[in-house]
Structures are given as C-alpha cells and as structure tokens.
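The values are calculated or read from the model by the stated rules, or taken from the named source; none is laboratory data. These numbers were taken from a predicted model, which means no experiment stands behind them. Neighbour counts are summed over all protein chains in view; Cβ atoms, including those assigned to glycine, are modelled from backbone coordinates with ideal geometry.
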Amino acid sequence: MNRRITITLAIAISAAASAFAQTPATEALAAIGGRTITAQDLEPSIAEAWLALPSRLLAARKQLLEQQIDRKILELEAAKRSTTVEALVEAEVSTDLPDPTEDEIKRVYEENKDQIGDVPLVRVRADIVDFIKKETERERYAKFIDKLRSGHKITYGKNINDPGLLRKDVIATIDDITVIYLDYERRNGLALYEMEANITDAVIQSVTQVVDAAVYTSEAESLGIATSEFIAQEITGKMKDFSDGEREKLESDLRSRLYKKYRVIFLVNEVTPYVQAVLPDDDPFLGRANAKVTVVMFSDFECPACAGVHPIIKQVIKEFGANVRLVVRDFPLESIHKHAFQAAVAAEAAKKQGKFFEYIELLYNNQDALDRESLSRYADEAGLDLGRFERDINDPELASEIRKDISDGKSYGVTGTPGIFVNGYKIRTLSASSFKKAIKRALER
C-alpha cells in the first residue's frame, strides 16, 4: 500500500465527495466598479477548496454520522466490559503496536521524497516510524469497529443531507437505539461550522488581497506613481509609533476610502457563527458574575499555547471593564502532557483557598517543572496554607471536578487547548483582535 505522510481528513473528504455538485468557478466573489472577482482570480489551492466546499460538506456530514454510530457502538461495548471507551480502544487497538521493519521505513521514505526533499533518512526516521505506527493503529481501529458493527443491527432513517430535516427526525438506529437529528446537530454542528468557516475565511482574505492590490494599483496610477510608493506614502510614511495597532488603523482607513471611491462590493460573507450554551459551571472567574459577556477558556496548564494566550485574553478583557468576565475550566491533555492533570488538581486546591489565579500564573510560568514537589513549592510561593493544600490535592472530589470539565469540554467540541468560547461562540484564531471582535459582537446582541 502506498503510504503518503500528508494525507489529511480534508483530502479524504474531497476524494469521497467527487460525485457531488460544486460551486461554479465564475461565481462573483467581489466587484470593483464594473469588474468582478471570481475564484479564477484567487490562489489555486484556495480556489480549489472554495469550489469543492459544497461537496466536501455533504461528504463530511455523512462521515460524521458514521463516526457518531461508531462512538455509540464503542460505548455499548465498553459498558458491556465495565470499562471506558478510552480504555477499550487502548486495549484493543493501541497496545503492543509492532515496530516497523527497515524495509517499511525505507519504502515510506522513498515514496515521500518529493515532500521530504534532501533531508537524510536518519533525520526523519523517528517521524516515519511514528507515522507507520499511527497508520497501523488506524488499520487496527477500522478492523475493530467493523467487528463490533457486525454484532449490531444498523439501519438508516432520513438522509443526513436532506435540506428539510427536523430535529426530531430519526437518521439512524443502532439495535433499538435511535439517533435523531438533534443529537447529530449537537455533536457535529461545531465541526461542520469550523470546516465551512475556515475555508470561507481563507477565501475572504484572498479576495481582500486581490481587491486591495487592484485599488492600490488604480490609485497609484491615477497619481502617476508606483504602487509601492503609494503604499509607503499612505501607510509607512504616516506611522508614528510603528505598532501593529497603528498599522491596522491606517490600512483600515485607506481601504474604506478606496473601497468607496472604486465602488467595491464584497459578495462573500462570513459564515454565521455557531453558538452553543457553554456553561461556566462553578469554575473560578475574573470579573463580575453578572457580566454581559462570559469568556470560557478550557485550559491545560502544561500547554504552551495556553500560557501564551492567558495574558493576552486577560488584557483584552480588562479593556472591556465590567462587561466581560473570564472563566477558566480544566481540559488537561493527559495523552501528551504528563503533569497536566495533577497540575489541574493543584489549581483546584488553590481555588479552595481563594488563590486560583495567583496559583495558575505560577503554573503557566513554570511549565517545565510541574512535578508533585514543584506544585507544593508553588503553593508556598502563592501564600497558601500548605497543610490544607496537601490534604485538598488528595481529595478525589477535585479529580472528579476536572473529569466533569473534560467531559463538558468534549460535548462542546473541544479537542485541544486552549478552547475558548465567547458567549458560546468558539474562537478559531487566537489573537487579541479576534478576541476583541468576538466580544464586541457579543456586546452588540
């Protein structure tokens, strides 16, 4: 079998969806005066993704239904064995994966030379071994699922891609267990939204670049100067403190002026945000309990991205005063972060003494030292009662609280950290501007 390291879900969906209708390449995406911008004006990979989006969404919807059925069958089997789905999969799929042979490693290396380039095998050997093991794991998983499916009666109800589906409509039955469209929507709505939104946002960004290039060139020509000179004159030449915010403001003002002059109309809109009822639970928060906007951050204290985002989001929230609060919920990624769960327990212990946020600052700033001894040292630095801290950190109720956060997070579609929601809207770009935009939108509702 030919093994390609760069196989992705999107590619798989694209291949599966080739029979579906696609978006016309001549559809207008924007207009500049009498000129229209179409997919043919965009970067080829973005244009291809845009044109195939309708068919990819149809295929993805079917694929997600199959995955939901697989999950239910796994839950039934796990219950029969008095274990968890995760432990079941570990035992049946992930345990005792064989090491690949040298011939397998060399074959994968040769089949991917066009992507690997001139990098010697010794430098990518570990990555190739990991890839082959993961592929073996995927093959085992598929066989295990097929075996489990053979022991159940699976029937399909209404087509998941019917446009008129009602939430109570039955879309599948597993033995005597029905799956209604509402269940499907709750489980998969975020994934489908993000798939559509990611591609749409890339198209909007690409269209904006084409439009900007066109209006900048037209304006420069009207002034008899080069485009580069015009941009320098209108943006670089007007900057005083050379901050990102200042540059964004100058670019925005210039766009507004030129878009009006050259009658620019954008015909591609952002995808309507997918909003869920993301509950703050009883987790610690900064701000007022009755704030109009609640930001919920599912965090892993061993996650570098969480440590990087935490101060940014705190600063953004501070700018909005009493209108916004930040709630921190736990989502330790135990499979990749050895100390994350215990660090979350320690933070819960600090919460019981009213020092949660003081304590997690120490965790974020010392992610390379989250062993048990270090956690106690940070408790001392935060001014906690060490005796009480040591008792609380061994309290099984704290571990149960974290497991509940993880379960809730998964139900909201959190798969990694940080998982950040603004009044139920999941943030997809971790930046100050993205946070501000989402908060302003929530305040306007």
Return the residues of the stretch 347-360 that are crowded, with 22+ Cβ neighbours inside 10 Å and either more than 23 Å from Lys410 (Cα to Cα) or among the aliphatic types (A, V, I, L, M) (or both); say none if nothing qualifies.
Ala347, Ala349, Ala350, Tyr359, Ile360
Could you say which residue among Ala344, Ala349 is over 26 Å from Ser434 (Cβ atoms) and in contact with a helix residue (DSSP H, G or I) (Cβ under 6 Å, 6 or more places away or on another chain)?
Ala349
Inspect the stretch 416-428 for any residue being within 16 Å of the chain's Cα centre (by Cα), hydroxyl-bearing (Ser, Thr, Tyr) and farther than 15 Å from Val296 by Cβ and give the result as yes or no.
no
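Results for (1) modelled with pLDDT of 95 or more; (2) outside the structural domain of Thr155 (by TED's automatic domain parsing); (3) of a type outside the set (Gly, Ala, Ser); (4) out of contact with any Pro (no Cβ under 9 Å at 6 or more places or on another chain), shown as yes or no for each residue.
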{"site": "Phe20", "(1), (2), (3), (4)": "no, yes, yes, no"}
{"site": "Ala30", "(1), (2), (3), (4)": "yes, yes, no, yes"}
{"site": "Gly34", "(1), (2), (3), (4)": "no, yes, no, yes"}
{"site": "Trp50", "(1), (2), (3), (4)": "yes, no, yes, yes"}
{"site": "Arg61", "(1), (2), (3), (4)": "yes, no, yes, yes"}
{"site": "Glu66", "(1), (2), (3), (4)": "yes, no, yes, yes"}
{"site": "Ile69", "(1), (2), (3), (4)": "yes, no, yes, yes"}
{"site": "Ala79", "(1), (2), (3), (4)": "yes, no, no, yes"}
{"site": "Thr84", "(1), (2), (3), (4)": "no, no, yes, yes"}
Which residue is surrounded by the fewest Cβ atoms within 10 Å (Cβ to Cβ), if the candidates are limited to the stretch 432-445 and must be closer than 22 Å to Glu196 by Cβ and free of Cβ contacts under 8 Å to residues at least 24 places away in the same chain?
Arg445
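Residue-by-condition table, conditions (1) surrounded by 15 or more Cβ atoms within 10 Å (Cβ to Cβ); (2) without any contact (Cβ under 8 Å) to a residue 40 or more places away in the chain; (3) out of contact with any Gly (no Cβ under 6 Å at 6 or more places or on another chain); (4) in the same structural domain as Asp385 (by TED's automatic domain parsing):
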site: Ala305; (1), (2), (3), (4): no, no, yes, yes
site: Val309; (1), (2), (3), (4): yes, no, yes, yes
site: Ile313; (1), (2), (3), (4): yes, no, yes, yes
site: Lys318; (1), (2), (3), (4): no, yes, yes, yes
site: Phe331; (1), (2), (3), (4): yes, no, no, yes
site: Val345; (1), (2), (3), (4): yes, no, yes, yes
Taking the options Ser374, Ser434, name whichever one is of a type in the set (Ser, Thr, Tyr), at pLDDT below 95, farther than 19 Å from Ser335 by Cα and part of a helix (DSSP H, G or I).
Ser434
Is it true that some residue in the stretch 44-59 is in contact (Cβ under 8 Å) with a residue 12 or more places away in the chain, acidic (Asp, Glu) and out of contact with any Cys (no Cβ under 6 Å at 6 or more places or on another chain)?
no
I'm checking my understanding of the structure. Among residues of the stretch 361-391 that are under 25 Å from Thr415 (Cα atoms) and among the charged types (D, E, K, R), which one is surrounded by the most Cβ atoms within 10 Å (Cβ to Cβ)?
Glu361
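To keep it simple, each residue is scored yes or no on (1) farther than 30 Å from Asn198 by Cβ; (2) under 27 Å from the mean Cα position of the chain (by Cα).
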| site | (1), (2) |
| --- | --- |
| Ala52 | no, yes |
| Arg56 | no, yes |
| Glu66 | no, yes |
| Glu90 | yes, yes |
| Val108 | no, no |
| Val119 | no, no |
| Tyr141 | no, yes |
| Ile145 | no, yes |
| Arg149 | yes, no |
Reported set for the stretch 78-110 where residues are outside any loop (DSSP other than H, G, I, E, B) and within 21 Å of Ser335 (Cβ to Cβ) is Ala78, Val85, Glu86, Ala87, Leu88, Val89, Glu90, Ala91, Glu92, Val93, Ser94
Can you name the residue in the stretch 263-303 that is in the same structural domain as His339 (by TED's automatic domain parsing) and of a type in the set (S, T, N, Q) and is also farthest from Arg445 (Cα to Cα) among such residues?
Ser299
Select, from Val271, Val324, Val309, Val293, the only residue that is within 28 Å of the chain's Cα centre (by Cα) and within 22 Å of Ala350 (Cβ to Cβ).
Val309
Can you name the condition, by its number, that Ile427 falls short on among (1) touching a residue at least 60 places away in the same chain (Cβ under 8 Å); (2) buried (at least 18 other Cβ atoms within 10 Å of the Cβ); (3) closer than 25 Å to Phe320 by Cβ?
(1)
Considering only the stretch 228-247, I want to know if a residue exists there that is loosely packed, with under 12 Cβ neighbours inside 10 Å, assigned to a loop (DSSP other than H, G, I, E, B), on the phi > 0 side of the Ramachandran plot and modelled with pLDDT of 95 or more.
no
Selection from the stretch 167-182 of residues part of a loop (DSSP other than H, G, I, E, B) and either touching a Leu at 6+ places or on another chain (Cβ under 6 Å) or without any contact (Cβ under 8 Å) to a residue 12 or more places away in the chain (or both) yields Arg167, Asp176
Looking only at the stretch 86-107, and only at residues there that are over 17 Å from Arg140 (Cβ atoms) and touching a Leu at 6+ places or on another chain (Cβ under 8 Å), the one that is surrounded by the fewest Cβ atoms within 10 Å (Cβ to Cβ)
Lys106
